[in-house]
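Participant: Take a look at the following structure, please.
The values are calculated or read from the model by the stated rules, or taken from the named source; none is laboratory data. Remember, predicted model here, so these are calculated numbers, not experimental data. Here the Cβ positions follow ideal geometry from the backbone for every residue, glycine too, while neighbour counts run over all protein chains shown. We work out accessible area using only protein heavy atoms, side chains counted, and drop any ligands, DNA or RNA first. Shrake-Rupley method; radii C 1.70, N 1.55, O 1.52, S 1.80 Å.
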Amino acid sequence: MRAVIQRVSKASVSVSGKVVSEINIGLLILLGIESEDGQEDIEWLSRKIVNLRIFNDPDGVMNMSLSEVAGDALVVSQFTLHAAVKKGNRPSYIKAAKPEIAVPIYERFLQQLQTDLGKRVGAGIFGADMKVALLNDGPVTIIVDTKNKE
């Protein structure tokens, strides 16, 4: 699993001109799923996201986690995070999981994140043409890959 995690003041996702989910202070998580991803990836990434210390403490130091600031989370599926651009100019998405594999993993990830965070998590609509709006705070943007845990 690959995630682009953005600290936001607010974010929303719309489909066909209607807002389907929105959050205030928290994290917008763009999530790419590979066929090989499983429960271990889901649990590791969810714990990492909930506990990342990327929110400011009272002294203005990034020392607090999403759970500590009682922030919200919004997860948007994004298969293009697995684009391979080594050859030519047309990205290849061969590493991205097909919907029949990705949808159940995406849904399990949402459930795990809700459990770990202890609150409802916002979500886009898998496979839909979504419009994502955000006010990036910082900006703070972190890229995490469960296959390369740096």
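Participant: Return yes when Leu74 is outside any helix (DSSP H, G or I), closer than 25 Å to Leu52 by Cα and in contact with an Asp or Glu (Cβ under 8 Å, 6 or more places away or on another chain) and no when it is not.
Facilitator: yes
Participant: Which residue pairs have Cβ atoms under 7 Å apart, sit 6 or more places apart or on different chains, and have a first residue in region 89-110 that is over 14 Å from Glu34 (Cα atoms) and a second that is open to solvent by 50 Å² or more (accessible area, probe 1.4 Å)?
Facilitator: If the second residue must be open to solvent by 50 Å² or more (accessible area, probe 1.4 Å), the pairs left are Pro91/Val85.
Participant: When only residues in region 1-30 that are in a loop (DSSP other than H, G, I, E, B) and out of contact with any helix residue (DSSP H, G or I) (no Cβ under 7 Å at 6 or more places or on another chain) count, which is surrounded by the fewest Cβ atoms within 10 Å (Cβ to Cβ)?
Facilitator: Among those residues, the one meeting the criterion is Gly17.
Participant: Right, another one. When the residues of region 98-122 are narrowed to those that are in a loop (DSSP other than H, G, I, E, B) and basic (Lys, Arg), which ends up least open to solvent (accessible area, probe 1.4 Å)?
Facilitator: Lys119
Participant: Got a sec? Which of Ile33, Ile94, Ile125 is within 16 Å of the chain's Cα centre (by Cα), open to solvent by 40 Å² or more (accessible area, probe 1.4 Å), among the hydrophobic types (A, V, I, L, M, F, W, C) and at negative phi?
Facilitator: Ile125
Participant: A further question follows. May I ask you to say which residue of Ile42, Ile33, Ile25 is within 15 Å of Pro139 (Cβ to Cβ), at pLDDT 95 or above and not small (Gly, Ala, Ser)?
Facilitator: Of Ile42, Ile33, Ile25, the one residue that is within 15 Å of Pro139 (Cβ to Cβ), at pLDDT 95 or above and not small (Gly, Ala, Ser) is Ile25.
Participant: Here is a further query. I'm trying to understand the selection: among the residues of region 137-150, which are loosely packed, with under 14 Cβ neighbours inside 10 Å and either more than 18 Å from Leu45 (Cβ to Cβ) or charged (D, E, K, R) (or both)?
Facilitator: Gly138, Pro139, Lys147, Lys149, Glu150
Participant: Still on this structure, I have one more. Take the conditions modelled with pLDDT under 95 and under 13 Å from the mean Cα position of the chain (by Cα) and apply them to Phe109. Does it pass?
Facilitator: no
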